[in-house]
C-alpha cells in the first residue's frame, strides 16, 4: 500500500473503462469535489480509477511544502485515505515527471481517459489521440477537454 492507495501493476488488462487521474484532478478532492461520482455521472458508468506512481510521488513532494494550499491539499488527500478508489500503476519510472509518465503510459494504453486540469498536458494528449476530461469550475462539472 502506497500513501493509503492500493497498488497495482496491471496496465489496462480488463475491458472496463479506465480513467487515469493526474495530480491536478486529485487535488480537486480537497476543494470538496467528489471527482469519482462526478466522473461516473458524466461517463454514465463506473470506470476503473487509476493513477501513476509518479503522481503519488508528486503528491508526497507537495505534501512536504508547508504554508501552501497545494501542500495542504496533498496532505489531506494522502492522510485521509481518500484515494482508496484508485489503483496505483507502477510505471517503472516513479521519479519521472508526472506529465511525462502519463504521456509514456498512454502510448501503451491509448484507450485510457486522462483527467487533468493542465492545458499543456491536454494538448499533448489530444495530439496522440487520447481522450481527456477536465473540470469546468464555472459549471462545477467535468467535461471532455
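Read-outs throughout are calculated quantities, based only on the coordinates presented, and are distinct from any laboratory measurement. Keep in mind that this is a model prediction, so the values were computed, not measured. We place every Cβ from the backbone using ideal geometry, glycine too, and count neighbours over all the protein chains shown.
Can you tell me which residue is farthest from residue 98 (Cα to Cα) among those in the stretch 35-50 that are free of Cβ contacts under 8 Å to residues at least 40 places away in the same chain and under 13 Å from the mean Cα position of the chain (by Cα)?
48
Of all residues in the stretch 99-139, how many are out of contact with any helix residue (DSSP H, G or I) (no Cβ under 6 Å at 6 or more places or on another chain), outside any helix (DSSP H, G or I) and without any contact (Cβ under 8 Å) to a residue 60 or more places away in the chain?
9
Please verify whether residue 72 is over 16 Å from the mean Cα position of the chain (by Cα), surrounded by 11 or more Cβ atoms within 10 Å (Cβ to Cβ) and not in a strand (DSSP E or B), treating the condition exactly as stated. Spell out the reasoning first.
On the way: over 16 Å from the mean Cα position of the chain (by Cα): yes; surrounded by 11 or more Cβ atoms within 10 Å (Cβ to Cβ): yes; not in a strand (DSSP E or B): yes.
So residue 72 passes the test.
Counting just the residues of the stretch 22-52 that are out of contact with any helix residue (DSSP H, G or I) (no Cβ under 8 Å at 6 or more places or on another chain) and within 18 Å of residue 106 (Cβ to Cβ), which one comes out surrounded by the fewest Cβ atoms within 10 Å (Cβ to Cβ)? Before the answer, list the steps.
First pass over the stretch 22-52, keeping only residues out of contact with any helix residue (DSSP H, G or I) (no Cβ under 8 Å at 6 or more places or on another chain): 24, 32-34, 36-45, 48, 50.
Pick out the ones that are also within 18 Å of residue 106 (Cβ to Cβ) and you get 24, 39, 43, 48, 50.
Numbers: 24: 17, 39: 22, 43: 14, 48: 18, 50: 24.
So, considering only residues that are out of contact with any helix residue (DSSP H, G or I) (no Cβ under 8 Å at 6 or more places or on another chain) and within 18 Å of residue 106 (Cβ to Cβ), the one surrounded by the fewest Cβ atoms within 10 Å (Cβ to Cβ) is 43.
Being over 24 Å from residue 31 (Cβ atoms) and in contact (Cβ under 8 Å) with a residue 12 or more places away in the chain, is that true of even one residue in the stretch 72-89? Give the steps one after another, and end with the answer.
The first filter runs over the stretch 72-89 and keeps only residues over 24 Å from residue 31 (Cβ atoms), leaving 89.
From what is left, the residues that are in contact (Cβ under 8 Å) with a residue 12 or more places away in the chain are 89.
Yes; the residues of the stretch 72-89 include at least one that is over 24 Å from residue 31 (Cβ atoms) and in contact (Cβ under 8 Å) with a residue 12 or more places away in the chain.
Under the condition of being closer than 13 Å to residue 53 by Cβ and in contact with a strand residue (DSSP E or B) (Cβ under 8 Å, 6 or more places away or on another chain), which residue from the stretch 79-93 is surrounded by the fewest Cβ atoms within 10 Å (Cβ to Cβ)?
90
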